[in-house]
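Undergrad: Below is one structure. I have some questions about it.
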Amino acid sequence: TLARLGRYYHGQDADGAGDPVPALRAEEANLLHALALARAAQHWGDALGCLQGLFVLYQRTGRDGEWARLVEQVTPEFIDPATGGPLPGREDQWNFITSYRVRLAMGARDWPTASRLQHALITWTRDQAAAALAIPGSQLTPGQSNQIHTLAVSLEHLGYILSSQDDPGCLAYYEEALSLYRRISARTEEANLAGSLGNAYKDVPGLRDLGQAERWYQHSLTH
């Protein structure tokens, strides 16, 4: 029940549908207790649901240190130390945990770690989307479109990590993500990414082209 609650408020926060923080504050101790129970019983999906709720609470209230310690505690239960990939049967949870680790590395401006982890996410999401990528866009099922969307988000995030380091290599990842968003008609995501492309052409020394920056900002506004 508490895992469902965590997932619900995580979704509410992502959708901008109200403020979940007061409810999450009230449930924090229960979520932590449920997380401990789920870990002990190896109910990994439930553990992730609790973590999703706690992520929103800690992120929205500036408790980055507590969140970092919690992620560090649970990471060994999802990640194979030999490969950095998911432990068998924990692939979906590994995806979220690795995303959390990327965010923490970015917050600490540990760009090498953030890039390494994001590359691992891209490899995994590309493998998951392999079959969907071979199907024409008009024939994709909702599940296949979601796989392509997840890959596009992973590529976009690596583009952002690289652009934050003034690395012109960001452009290739942004462009691939853009092509995938177009493939699944994700217009809002395309518009947001067009803004990021404008920023890259404006701010990254190796890419600086104000004409291109203006073009992508205009594209963002019209989508």
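The values are calculated or read from the model by the stated rules, or taken from the named source; none is laboratory data. The model shown is predicted, which means the values in this text are computed figures rather than measured ones. No Cβ is skipped: glycine too gets one built from the backbone with ideal geometry, and neighbour counts run over all protein chains shown. The protein model used for the area step is the full one, side chains on, heavy atoms only, and it has no ligands, DNA or RNA in it. Shrake-Rupley method; radii C 1.70, N 1.55, O 1.52, S 1.80 Å.
Undergrad: From the P(r) of the stretch 27-118, can you give the percent of Cα pairs sitting at distances over 20 Å? Please report the intermediate quantities before stating the final value.
TA: Details: 1387 of 4186 pairs.
Percent of Cα pairs beyond 20 Å in the stretch 27-118: 33.
Undergrad: Can I ask one more? Quote the Stokes-Einstein diffusion coefficient, in whole µm² s⁻¹, for the stretch 15-170, based on the Kirkwood radius over alpha carbon pairs, a temperature of 37 °C and a viscosity of 0.692 mPa s. Don't skip to the end; give the middle numbers.
TA: On the way: Rh = 17.0 Å.
For these conditions, the coefficient is 193 µm²/s.
Undergrad: Could you report the accessible area of Asp166 in Å², rounded to 10, computed with a 1.4 Å probe on the protein chains as they sit in the structure?
TA: 80 Å²
Undergrad: Hey, another quick one. For the stretch 90-129, what is the convex hull volume of its Cα atoms per residue in Å³?
TA: Enclosed volume per residue, from the Cα hull, is 50 Å³.
Undergrad: Next question. Leaving out ligands, DNA and RNA, and with a 1.4 Å probe, what % of the accessible surface on the stretch 28-150 is carbon or sulfur?
TA: 53 percent
Undergrad: Given only helices, namely DSSP H runs of n ≥ 4 each adding -39500 (n - 2.57), what is the per-residue ellipticity at 222 nm of the chain, to the nearest 500 deg cm²/dmol?
TA: Dividing the helical sum by the residues of the chain leaves -25000 deg cm²/dmol.
Undergrad: Shifting gears a bit: If you filter the stretch 1-94 for chymotrypsin sites (Phe, Trp or Tyr not before Pro), then keep DSSP loop positions with at most 12 other Cβ within 10 Å, what is left?
TA: Within the stretch 1-94, no chymotrypsin sites (Phe, Trp or Tyr not before Pro) qualify (loop, at most 12 other Cβ atoms within 10 Å).
Undergrad: Between the DSSP loop rule and a limit of at most 11 other Cβ atoms within 10 Å, which trypsin sites (Lys or Arg not before Pro) in the stretch 19-124 are left?
TA: Answer in residue order: Arg109.
Undergrad: I would also like to ask the following. Considering amide H positions built from the backbone, and no H for Pro or chain starts, which residues 5 or more places from Ile79, or on another chain, come under 5 Å of its amide H?
TA: Leu87
Undergrad: Further, regarding this structure: Tell me, Kirkwood radius of the stretch 123-169 from alpha-carbon pair distances, in Å?
TA: 11.5 Å
Undergrad: Can you give the accessible area per residue of the chain, in Å², using a 1.4 Å probe?
TA: With the other protein chains kept in place, the chain gives 51 Å² per residue.
Undergrad: Continuing with this model, one more query. Determine the dipole magnitude for the chain: charges of +1 sit on the beta-carbon of Lys and Arg, -1 on that of Asp and Glu, nothing else is charged, the reference point is the Cα centre, and the result goes in debye to the nearest 20.
TA: With only Lys, Arg, Asp and Glu charged at Cβ, the dipole is about 120 debye.
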